[in-house]
Each structure stands twice: as C-alpha cells, then as structure tokens.
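Scroll down for the structure; my scribbles are underneath it.
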Amino acid sequence: MAPTDARRAVVVGAGPSGFYAASQLLDAGFEVDLLDALPTPFGLVRAGVAPDHPKIKTVTRVFDKVAGREGLRFFGGVAVGRDVTPRELVERYHAVVYAFGTAADNRLGIPGEDLPGSHAATAFVGWYNGHPDHAGATYDLSREHAVVIGNGNVAIDVARMLVLSPEEITPTDTADHAIEALAASSVREVSVVGRRGPVEAAFTTPELLELGELSRADVVVDHADLHAVPDDAGRNVEVLRGYAARPPREDASHRVVLRFCWSPVEILGEGRVEAIRLARNEIVDGRAVATGEEMELPCGLVVRSIGYRGTPIDGIPFDAARGLVRNVDGRVVDEDGALVPRTYVTGWVKRGPSGVIGTNKKDSAQTTAAIVADAQAGVLAGPPIPDADEAAAWLLTRAPGAVGWDGWTRLDAHEVAAGSGAGRPRVKVVHLETMGRIAASGV
C-alpha cells in the first residue's frame, strides 16, 4: 500500500467488535490495519461459540467481505504488549482502537478453588474449541458428576458439551483432542448451579430450549424452585415449568440438573476435587440471601462460568475492579479521567461481557462516531510516523511470523479440506507453529 494522505487507524483485536469497528472506519474514510494476537481472525466466533452452533458462526461471511475491502490489512500473530507497545501504535496511527475482548475469568473466591479438577469456563471453552493457548490442557472426566457454576449461556454450553453424544459432537468443528476426550468421558450428570432464581437467570430462551433436544440427556428442574415464581415471569420460566412437569426420560443415560438459589461455599477434596459445598439462598428484593441451609454435592469436575474480564496491558489505562479498559463512551481515559490522545476502545473490554454478537455493531458505532468527531475537531493530529508502508515493515520486523489475510485464507482452506472428508465443517489446526507453517506455505 503506497503512502497516502488518508487518516489511518489500527484496530487491535479481530473479533466481532474489531471487524465492526474496522468496517465503520473504512466507511468514514480511514485506512485500517487490523491486528490480532492469534494467526486466526474472528475471536470468540472461532474460539468461543459452541461447536454445535454452526449457524451463529456464519457471521464470519460478513467479516470476510470486510477483510476484502480496499484499505484494510490484516496482521495475525501480532500481540500488543509482547510485540509492540501502545505508545508505538500511537506514533504510527491517527487513531488506535482496542477491541481485544475479555479473555480472563472471574473467580469464585472460595476455599478449594485451585484444586485439580476446578477450572475456568474460559479455559474449558478454549480447550474444546481448539484455542492454541488451551489446546494442550487435559481434563479429568473420569468421575460421573460434574458441576458448572453460573446461570448464563456459557454455563449451558459447557453443560451441553459434557453430555453430547458422539453422534452429536463428531460432525462439528470441535477440536479433535476434545472429541476424543469427551467420547471417553465418564460424566453422566451435570449440575448447573446458580446463586439466584429462575427469574434472574441469564440464559437466553433458545439455549434453554436446546437442552430439551439432546439425544441422550434428560433435563431436571425441581418444582420447588418454581413454586413462588409468578406465572407471567417470562418465557424462560415457562420452559423451566415444562421441564419440571416432564416425566423422567427412560431412554436417557445422562442428565443436566438445573439447580437454582445455591451459592458455592467451598470446593472439597484431598489432592483433587471430590465435592462442592453449596449454601441455599432465598431471593429478597432481587438479591440472593443465605438461609443457613447447606448441602454437599459429590463431583469430580467444577467449571466456573461467572463472567469474563479483560487482561491489563502495560500502557493502557485499566479499571482492575471491573476488568475493563477505562473509557468514556469509547474514548480511553486515565485514572484522573483525562483523555488519552487518539486512543479508543470497543467491545467487551469497553462495556463488559454482555449482549450477543450483533450487540458489538452498535457498540462499535458509538466508538467510531467518537473517532470521526475527534477527526472533525482536529484532534487527530498526524502521528510522527504516518507512513503505511513503514508501519507494515515495522510490524513484520516486530512479528516476523505475522500472518496476512492471504495466509489465513490458506489455513482456512486447509482446515475445511481436512473436514470435508469426514463430513465436518473443518478440522481445526490448534498449534501455533503448524498454523504459521500452513499460512506461509499453503502446505
């Protein structure tokens, strides 16, 4: 790309929010470099969406079109904080937009949380989706009972993945190592535990309904959890009432038990997870208040799914309490509330892990509007090194193995070809070295 007089932006993170921001910036006349720490684009669409939800992943077709637009360049395998610094980006771009998401997990903060067999959903989801950071992990699935802490869609995804039959999971793009491990799993019952009640649970109705369609797993809901819930409490409660009224499936070898109004107090075990102690709650003015009743639930696996949080990067103001980049409507601010020049944020690391994929489009539009307004106000003064070719050369010097969009296209074709013979959408490559080799050579 030859040097131009156009304003230039860099978007850090090639997930949905990054692609939406890149598209909107292109529309506003900016040239855009899109960076990602991984050689692969699409963020949680590739590494977070459950493998048995292929329709959700079709949004990547929209992102493919964005990547093909004039003025956009993709650099995969470039990590801010490792390969380049925030200050260096500000020196080379008129606007720097952080869209790197919330890859860390919230902790329970209870005794026993670090016992072997207790895991974060972020890691477990990354493992079965083939994220390179988690592909080498192992999970002990030799016990019959597992517990998932949380009442959101990710908790449901984890529970469902643990009870899918081989016939349900094999045709998906689940990582090969996870298909093998889940096929050999001894887990027969998964309890999904939420500290509040059915009304407060954050499941979406389609996710909740999907549990009732599993080939070998029954769904169990206690009538007692619903007796004080109003009849007009919403579609989710209606679905839960249906599960509670349904007779046990005689053909079911597995169960998903939805347990409401229980809080984890302690994870128990000698050298590994053996049980979890739960405290009973009642809902008072929308809050979960302990009643004093407790129970122990035997289990060999605990997966916590109580929210994501961002990971701080040196040079980017970070609110540690909320796990987000400090910002006001997408403009990054320091601890004193002063604007950080030409630095912006979008997506989950801006607002928190909420909404669906499409929510990021509106969120990015707010950030892009702030950038355009700042450009019109003359505050996006030219960076000291505003040359596009120099920026590309510099990035490739800092990250010699960086993957361009053509390299990703080769890797994508390789994965799709590997899956086609097995009736799968793709077979994911999960090791960075192999990804780089295929992207570079087409082998």
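For this structure, a couple of remarks:
- Residues in region 42-54 include at least one that is over 30 Å from ALA393 (Cα atoms) and part of a helix (DSSP H, G or I).
- Odd one out for HIS254, checked against (1) buried (at least 18 other Cβ atoms within 10 Å of the Cβ); (2) of a type outside the set (A, V, I, L, M); (3) free of Cβ contacts under 8 Å to residues at least 60 places away in the same chain: (3)
- Restricting attention to region 324-375, the residues being farther than 27 Å from ALA202 by Cα and touching a Leu at 6+ places or on another chain (Cβ under 8 Å) number 7.
- Residue check for ARG331: assigned by TED's automatic domain parsing to the domain that holds GLN24, over 24 Å from ALA175 (Cα atoms) and either surrounded by 14 or more Cβ atoms within 10 Å (Cβ to Cβ) or at pLDDT 95 or above (or both): yes
- Failed condition for ALA155, given (1) closer than 30 Å to GLY330 by Cβ; (2) in a loop (DSSP other than H, G, I, E, B): (2)
- Yes/no for PHE100 being of a type in the set (Phe, Trp, Tyr) and surrounded by 23 or more Cβ atoms within 10 Å (Cβ to Cβ): yes
- Output for region 90-118, where each listed residue is in contact with an Asp or Glu (Cβ under 9 Å, 6 or more places away or on another chain) and under 26 Å from ASN327 (Cα atoms): ARG92, TYR93, ALA95, PHE100, ALA103, ARG107
- Close pairs from region 68-86: first in a strand (DSSP E or B), partner among the aromatic types (Phe, Trp, Tyr), Cβ under 7 Å, at least 6 apart: PHE74/TRP405; PHE74/TRP408; GLY76/TRP408
- Single condition VAL302 does not satisfy, out of (1) over 30 Å from SER17 (Cα atoms); (2) surrounded by fewer than 18 Cβ atoms within 10 Å (Cβ to Cβ): (2)
- Residue within region 318-326 that is crowded, with 22+ Cβ neighbours inside 10 Å, closer than 28 Å to ALA365 by Cβ and of a type in the set (A, V, I, L, M) present: yes
The values are calculated or read from the model by the stated rules, or taken from the named source; none is laboratory data. Note that this is a predicted model, so its numbers are computed, not measured. We place every Cβ from the backbone using ideal geometry, glycine too, and count neighbours over all the protein chains shown.
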